[in-house]
């Protein structure tokens, strides 16, 4: 039985269910990466998923990433619920998926 206070103990509570990336430098769009990843996670075809715009405006998501990269304003992150996941999209191209709820700080 692991200890409850050992220095090497870690908690899985804040670990993402899945992490993927997209490359905005070569024109990959965050919205398309989200759809592709959710389809893979759920075993559905992208066309069979609920529309992303019911959770977030896909153009606004892509524009946020584009603007943050053009302005060299550091890394921005946006969280939203979609298809049973809490999804965090970062302007550096990292996307994290959590079952149900976003992690707490």
Likely footprinting exposure, 92, 72, fewest C-beta neighbours within 10 Å first: 72, 92
Distance from segment 71-89 to segment 13-36 (C-alpha centre basis), Å: 9
Residue 99 paired with residue 19, simple spin-label distance in nm, labels 7 Å along Cα-to-beta-carbon: 1.9
Burial ordering of 18, 97, fewest other beta-carbon atoms within 10 Å first: 18, 97
Per residue, the convex hull volume that the Cα atoms of segment 18-99 enclose (Å³): 79
Fewest-first ranking of 91, 63, using other Cβ atoms within 10 Å as the exposure measure: 63, 91
Label-point separation, residue 28 to residue 42 (7 Å along Cα→Cβ), nm: 2.1
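Every number here is computed from the coordinates shown, using simple stated rules; none is lab data. Please read these numbers as outputs of a predicted model, since none were measured by experiment. FYI the Cβ positions are ideal-geometry reconstructions off the backbone, even for glycines, and counts take in every protein chain you see.
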